[in-house]
Amino acid sequence: MAASEDLLWDADDKSMQMVPRLRRIGVTAGCLGFLGALWADSDATWVLYAGALYLLGESAYWAWDWRRLVEARIVPGEADGPARLRLRRVGGQITEHDPHHVARVLLIHDNVHDLAKLRLSLHGRQLLFGRPGRPPALTTWRHTCPKAQVSDRAAQWGMPGIPD
């Protein structure tokens, strides 16, 4: 990390967690194949449909999680230009954006753990989601992205048995 870079967001878990996911998909596919061979002539085809739905759901979650943010930094621009916002995703993709194009920064604090989730909205782009991480200081975000609406809030759920 260069001395002039400021860390804005850092997720606790930056890995893709592929081994457990592949293990679950493999076990499910093996069980579906075994059950399909046993129940090919019976009316229990709902088991095959439920397993196929699970595999589709797991694949959709992987595709969504692969694009989540794990790190946000403010880095100096090229040739003494304006600073840039560098975003790194779980899949390793790194993009740079103008900090003035950030429309909204929302930090959602967890009521149970000392973690927060990041919601970052850029002008003309979709909403970007960050994996849970330590809550950063809002003043850094406000200073870095002067045109953005920077706010935080508590999560809308709490511990069981304790009213919010």
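From the list L55, L69, L85, which one is touching a Leu at 6+ places or on another chain (Cβ under 7 Å) and surrounded by 14 or more Cβ atoms within 10 Å (Cβ to Cβ)?
Numbers: L55 fails: touching a Leu at 6+ places or on another chain (Cβ under 7 Å); L85 fails: touching a Leu at 6+ places or on another chain (Cβ under 7 Å).
Result of the check over L55, L69, L85: L69.
Residues checked against (1) among the acidic types (D, E); (2) farther than 23 Å from L8 by Cβ:
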position: Y61; (1), (2): no, yes
position: W64; (1), (2): no, no
position: D80; (1), (2): yes, no
position: V90; (1), (2): no, no
position: T95; (1), (2): no, no
position: P99; (1), (2): no, no
position: I108; (1), (2): no, no
position: L127; (1), (2): no, no
position: G130; (1), (2): no, no
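Considering region 97-134 alone, what residues qualify as being at pLDDT below 85 and buried (at least 16 other Cβ atoms within 10 Å of the Cβ)?
R131
So M18 fits all but one of (1) open to solvent by 80 Å² or more (accessible area, probe 1.4 Å); (2) modelled with pLDDT under 75; (3) of a type outside the set (D, E, K, R); what number is the exception?
(1)
Somewhere in region 96-119, is a residue in contact (Cβ under 8 Å) with a residue 24 or more places away in the chain and closer than 30 Å to T28 by Cα?
No, every residue in region 96-119 fails to be in contact (Cβ under 8 Å) with a residue 24 or more places away in the chain and closer than 30 Å to T28 by Cα.
The values are calculated or read from the model by the stated rules, or taken from the named source; none is laboratory data. Not measured: the values here are computed from a predicted model. Because the Cβ atoms are built from the backbone with ideal geometry, glycine has one as well, and the counts that use them run over all protein chains shown. When the accessible area is computed, the model is the full protein with side chains, heavy atoms only, and any ligands, DNA or RNA have been set aside. Shrake-Rupley method; radii C 1.70, N 1.55, O 1.52, S 1.80 Å.
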